[in-house]
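Student: First the structure, then my questions, so here it is.
The values are calculated or read from the model by the stated rules, or taken from the named source; none is laboratory data. Everything numeric here is computed off the predicted structure, so don't read it as measured data. Here the Cβ positions follow ideal geometry from the backbone for every residue, glycine too, while neighbour counts run over all protein chains shown.
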Amino acid sequence: MAADPILLYGYWRSSSSYRVRIALNLKGIAYQYKAVHLLREGGEQKQAAYRAINPLGLVPALVHDDRVVVQSVAICEYLEEVFPAPALLPRDAAGRARVRAMVQTITSEIQPLNNLGVMGYLGGELGQDDAAIKRWYRHWVARGFAAIEEWLADSASGVFCHGDAPTLADCFLVPQVYNAERFDCDLAPYCKLMQIAARCRGLGEFRDAAPENQPDAA
């Protein structure tokens, strides 16, 4: 009997969904994509049908063997364990820690402070105008990217964030660069970071995962 297909619930412009799409593509894992529109009708992620899948009401959510996995880091780590080849984490402990530090910088120090809910709260509850919201966004991008740029100067970096093959650090970096470009962040100070992002974007696995190439892109 054929195994049930892997399902990925996501939104085309969600950076968290974008990360998981890249990881799935790099591992050569076939999956079915289920779009969850974050804006239509107040946000489909808030509706009961999707809350039954992920009570937190966020994307992405991955369904594999009747098991639901949520949060992009947990999903990528799950994929790494269940589908170990090709590996997206280095074999050595120090290398894995380095990659995870870059991942964590993006997922803890940049993206959560700039996600849709936070931006809406700044503009709605706190009454901030568009200019103030953009300043907020750019501040956290600059803080995180400056640290990553320094780490990328380390000898452990190769043509990608760690070595000469993509890792989870690259899966997480490229979507954050995409978001930074959307908000007109000054990316000139991050030469190494942008070189790596450009190299990644030249790969089919990254291109196929790009927001504009998703079936729900609007």
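Student: Tell me, please, whether a residue that is over 30 Å from ILE29 (Cα atoms) and without any contact (Cβ under 8 Å) to a residue 12 or more places away in the chain can be found in the stretch 197-214.
Tutor: Looking for residues that are over 30 Å from ILE29 (Cα atoms) and without any contact (Cβ under 8 Å) to a residue 12 or more places away in the chain, one finds none in the stretch 197-214, hence no.
Student: Confirm whether ILE148 is under 17 Å from ARG13 (Cβ atoms), modelled with pLDDT of 90 or more and not acidic (Asp, Glu).
Tutor: No; evaluated as a whole, the condition is false for this residue.
Student: Would you tally the residues in the stretch 100-109 being within 15 Å of LEU152 (Cβ to Cβ) and either at pLDDT below 95 or in contact with a Cys (Cβ under 7 Å, 6 or more places away or on another chain) (or both)?
Tutor: Of the residues in that region, 1 qualify.
Student: So, in the stretch 177-217, of the ones that are out of contact with any helix residue (DSSP H, G or I) (no Cβ under 9 Å at 6 or more places or on another chain) and not in a helix (DSSP H, G or I), which residue ends up surrounded by the fewest Cβ atoms within 10 Å (Cβ to Cβ)?
Tutor: Looking at the filtered set, the residue picked out is PRO215.
Student: Right, another one. Would you point out the residue of the stretch 34-69, among those that are surrounded by fewer than 18 Cβ atoms within 10 Å (Cβ to Cβ) and in contact with a helix residue (DSSP H, G or I) (Cβ under 6 Å, 6 or more places away or on another chain), that is farthest from PHE83 (Cα to Cα)?
Tutor: HIS37
Quick grid of which residues meet (1) closer than 30 Å to ASP92 by Cα; (2) surrounded by 12 or more Cβ atoms within 10 Å (Cβ to Cβ):
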residue	(1), (2)
GLU125	no, no
ASP130	no, no
TYR137	no, yes
VAL141	yes, yes
LEU152	yes, yes
CYS161	yes, yes
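Student: Evaluate the following for GLU81: is it over 14 Å from the mean Cα position of the chain (by Cα) and among the acidic types (Asp, Glu)?
Tutor: Yes: the conditions hold for GLU81.
Student: Moving on. For the stretch 1-117, give me every one of the helices (runs of 4 or more DSSP H) that falls completely inside it and has 2 or more residues that are touching a residue at least 40 places away in the same chain (Cβ under 8 Å) and of a type in the set (Ser, Thr, Tyr).
Tutor: The helices (runs of 4 or more DSSP H) meeting that bar are 15-26.
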